[in-house]
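In what follows, a structure is listed as structure tokens, so that the remarks can point back to it.
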Amino acid sequence: MKNHQYKSKITWTGNTGESTKNYRSYKRNYTISVDGKTDILGSSDPAFLGNPEIHNPEDLLLASVSSCHLLWYLHFCSVNKILVLEYEDFAEGTMIEMKTEVENSMKLL
């Protein structure tokens, strides 16, 4: 069995000078860094006050699953002598937001 190790660094870049004073006082922007690779700018989904022009974790999760499927499929085809000339995957995901007791109690504070 082989072990594959991965490391990344997340740096929050959204301090507007007011820190996390309240829910609207900070930006959700961050940078994903991996040694030797191009940084990825991120933010939260616009529904959570994020920047709509930057990838959010949900985008990246969906793209991760989709790209893993692509790479597995290409491998499968190559070892079985199946020629692939093109490949596109239009992945979709849905996140259902639910209220929790913690969120309700936080609103009272």
Task: Counted residues, segment 6-25 - those being under 15 Å from Lys37 (Cβ atoms) and open to solvent by 90 Å² or more (accessible area, probe 1.4 Å) - done: 4
Open item on the list: With in a helix (DSSP H, G or I), loosely packed, with under 11 Cβ neighbours inside 10 Å, among the acidic types (Asp, Glu) and at pLDDT below 95 as the only criterion, which of Glu103, Glu97 stands out?
Closed with: Glu103
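Quick one: which of Ile32, Ile10, Ile54, Ile40 is of a type outside the set (D, E, K, R) and within 20 Å of Gly93 (Cα to Cα)?
Details: Ile32 fails: within 20 Å of Gly93 (Cα to Cα); Ile10 fails: within 20 Å of Gly93 (Cα to Cα); Ile40 fails: within 20 Å of Gly93 (Cα to Cα).
So the residue among Ile32, Ile10, Ile54, Ile40 that is of a type outside the set (D, E, K, R) and within 20 Å of Gly93 (Cα to Cα) is Ile54.
Would you check if Ser19 is part of a loop (DSSP other than H, G, I, E, B), touching a Gly at 6+ places or on another chain (Cβ under 9 Å) and either at pLDDT below 95 or under 26 Å from Met95 (Cβ atoms) (or both)?
Working: part of a loop (DSSP other than H, G, I, E, B): yes; touching a Gly at 6+ places or on another chain (Cβ under 9 Å): no; either at pLDDT below 95 or under 26 Å from Met95 (Cβ atoms) (or both): yes.
Criteria not met by Ser19.
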Open item on the list: Can you report the number of residues in segment 41-55 which are open to solvent by 70 Å² or more (accessible area, probe 1.4 Å) and in a strand (DSSP E or B)?
Closed with: 2
Open item on the list: Need pairs with beta-carbon distance below 9 Å; first residue within 22 Å of Pro57 (Cβ to Cβ) and within segment 69-95, second open to solvent by less than 90 Å² (accessible area, probe 1.4 Å) and of a type in the set (A, V, I, L, M, F, W, C); sequence gap 6+ or separate chains.
Closed with: His69/Ala91; Asp89/Leu70; Ala91/Leu62; Ala91/Ala63; Glu92/Leu62; Gly93/Leu62; Met95/Ala47
- [ ] Would you mind stating whether Glu58 is surrounded by 10 or more Cβ atoms within 10 Å (Cβ to Cβ) and free of Cβ contacts under 8 Å to residues at least 40 places away in the same chain?
- [x] yes
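The values are calculated or read from the model by the stated rules, or taken from the named source; none is laboratory data. Small disclaimer: the values here were computed from a predicted structure and weren't measured. Note: ideal-geometry Cβ built from the backbone for every residue, glycine included; neighbour counts use all protein chains shown. Areas reflect the complete protein model, heavy atoms only, side chains present, ligands, DNA and RNA absent. Shrake-Rupley method; radii C 1.70, N 1.55, O 1.52, S 1.80 Å.
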